[in-house]
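Okay, structure first, notes after.
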Amino acid sequence: MKRILAWLVILFCGYKALTAFWSIGELEEEPLAAVGIFLGGLLWAAVCAVVLAVQLSDKFGGLFSRIFYAADYLKEPPDMISPIRGLMANQEYEKAEEELRQLLAKRPYSPIANLLAAEIAIERQRIPDALDRLENYFNNPKTRITEENTQMLLLYSDHAPQFGRKQNAITYLERELARKGYSEPERQFLSARLAALHNDANLSDRLTS
């Protein structure tokens, strides 16, 4: 019902805006009136655009988030990340971690830096350290939705159960899925992982009961 009302508001506001703009041509001899109608048309158009953006946010949430929070989505320049990836590819993990420490000192909630740091910790069998890092990242209320978020959530849920943190993984997945901003493919991946964790939890309960 809410969606129907929203689309009715969009159509009404769009109609009012178009009507206002069309009527300006009839007021060539009344410039003040034309200006007033033009401003009114802009207001109707603005309301229409805002409601439309909200309606489309579920389907194109990632796009809207990246537009409205562009500054938060600025990625580290390739000349900063590529060398780190190169060090990781050569298994020079200590050097890679040093580079990441310097980057994280400046941007502690950089998505790509936290992802790479977690990957290195897991590769070096420091899985609890990786889980702690990812928990710290997702516990930050100002964390914005990025492409790396999905990778970090999947990485966390891969290893959390074996360290007694399955419920944490479920909590993070449910919390992130409740946010608007993830693309439909990302939501499908995360929803599938959440369902798998719930199924494992239900099976464990049945075996222990």
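The values are calculated or read from the model by the stated rules, or taken from the named source; none is laboratory data. These numbers were taken from a predicted model, which means no experiment stands behind them. Methodologically, a virtual Cβ is constructed for each residue, glycine included, from the backbone with ideal geometry; neighbour enumeration extends over all protein chains shown. Side chains are part of the model used for accessible areas, which takes the heavy atoms of the whole protein and leaves out ligands, DNA and RNA. Shrake-Rupley method; radii C 1.70, N 1.55, O 1.52, S 1.80 Å.
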TODO: Kindly indicate the residue of segment 140-155 that is in contact with a Phe, Trp or Tyr (Cβ under 9 Å, 6 or more places away or on another chain) and either among the hydroxyl-bearing types (Ser, Thr, Tyr) or not in a helix (DSSP H, G or I) (or both) and also modelled with the lowest pLDDT among those meeting that condition.
DONE: LYS142
Open item on the list: For segment 143-150, check the following and say yes or no: at least one residue is touching a Ser or Thr at 6+ places or on another chain (Cβ under 8 Å), open to solvent by less than 10 Å² (accessible area, probe 1.4 Å) and touching a residue at least 24 places away in the same chain (Cβ under 8 Å).
Closed with: yes
Open item on the list: Quick check on my filter: what residues within segment 156-168 are among the small types (Gly, Ala, Ser) and part of a helix (DSSP H, G or I)?
Closed with: SER157
Open item on the list: Go through segment 169-192 and report how many residues are open to solvent by 50 Å² or more (accessible area, probe 1.4 Å) and part of a loop (DSSP other than H, G, I, E, B).
Closed with: 2
Task: Positions within segment 90-112 being small (Gly, Ala, Ser) and at pLDDT 95 or above, in sequence order - done: ALA96
